[in-house]
Amino acid sequence: MTDVFAPSPQPAHRLIPSQFPPLGLFDTVTTAADLAAVMDLVGWTNDRLVVDRISRLPQTEWVYGTPNASIVMAAFLHVAPGGMRFNGPELGAWYAADDIRTAAAEVGHHLRRETVARKVTTMTRTYRAYAATLLGDYLDIRGQQTTHADVYVSDRYDASQKLGEEVRASGGAGLLYDSLRRRTGSNVVAHRPRNIVDIVQTDHFEITVLATSRTIDIRKLAL
């Protein structure tokens, strides 16, 4: 099958737990040398993994000196221990959705998994939403859940991480793929920090899940 590429949904929506406040470290520095010094000063590089990850990211892809640059860089430098669907643990990526409802379904799924792992009946978490423009053309595997069945497995990431890292290594922008958590939704993963632009923080949401139900309660919070 010939690869198909398409632009990202515009804007693309991302939800981040409010417990991780934006630090602004990358927003104000103007050179890569200044950034390295500031990172060391404020402790970002105390984490050996962060040092290793930023060394894997070419300086030409670092984002700094623009509003919300820290939000972008955190997505690449602070990574879940086992990685995520289309990235391994060595370097992160920017995951977003075509619709805020899709984004909520995605984070709600992972919150429910955490609820089960913690052996509690319910959990509630507050998230802040971002809308961004994602530049570039993305490998489009939407509608290919049969031909890419190994990539779409809901509880295993080995094949999807391999594909995602192959896209990154080839210089690709990332991938477009069907949401497994919202039937009509689609997601995008961006592997290039410099392609994530015009980032705007929008609303705050409180999401509640039950360990025994697929229902996700989403409440928009008044600012």
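Numbers at a glance
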| quantity | calculated |
| --- | --- |
| Residue in the range 183-197 that is nearest to the chain's Cα centre (by Cα), counting only those that are assigned to a loop (DSSP other than H, G, I, E, B) and modelled with pLDDT of 95 or more | His191 |
| Top-ranked residue of the range 119-150 - restricted to ones that are in a strand (DSSP E or B) and among the hydrophobic types (A, V, I, L, M, F, W, C), ranked as farthest from Val209 (Cα to Cα) | Leu139 |
| Some residue of the range 80-95 being in contact with a helix residue (DSSP H, G or I) (Cβ under 9 Å, 6 or more places away or on another chain) and basic (Lys, Arg) | yes |
| Pick from the range 171-217, criterion in contact with a strand residue (DSSP E or B) (Cβ under 9 Å, 6 or more places away or on another chain) and among the small types (Gly, Ala, Ser), ranking: farthest from Ile100 (Cα to Cα) | Gly172 |
| Residue within the range 146-165 that is on the phi > 0 side of the Ramachandran plot, surrounded by fewer than 15 Cβ atoms within 10 Å (Cβ to Cβ) and in contact (Cβ under 8 Å) with a residue 24 or more places away in the chain present | no |
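To keep it simple, each residue is scored yes or no on (1) surrounded by 22 or more Cβ atoms within 10 Å (Cβ to Cβ); (2) among the aromatic types (Phe, Trp, Tyr); (3) at pLDDT 95 or above; (4) over 29 Å from Ser55 (Cα atoms).
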site: Pro89; (1), (2), (3), (4): no, no, no, no
site: Trp94; (1), (2), (3), (4): yes, yes, yes, no
site: Asp99; (1), (2), (3), (4): no, no, yes, yes
site: His109; (1), (2), (3), (4): no, no, no, yes
site: Thr121; (1), (2), (3), (4): no, no, yes, yes
site: Ala132; (1), (2), (3), (4): yes, no, yes, no
site: Asp137; (1), (2), (3), (4): no, no, yes, no
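For every residue, the table says whether it meets (1) closer than 20 Å to Ser8 by Cβ; (2) part of a strand (DSSP E or B); (3) not charged (D, E, K, R).
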| site | (1), (2), (3) |
| --- | --- |
| Tyr152 | yes, no, yes |
| Arg156 | no, no, no |
| Ser160 | yes, no, yes |
| Val167 | yes, no, yes |
| Gly171 | yes, no, yes |
| Ile199 | yes, yes, yes |
| Ile218 | no, yes, yes |
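The values are calculated or read from the model by the stated rules, or taken from the named source; none is laboratory data. In this text the structure is predicted, and so the values were computed from the model without any measurement. Cβ coordinates were reconstructed from backbone atoms using ideal geometry, including for glycine residues, and neighbour counts include every protein chain displayed.
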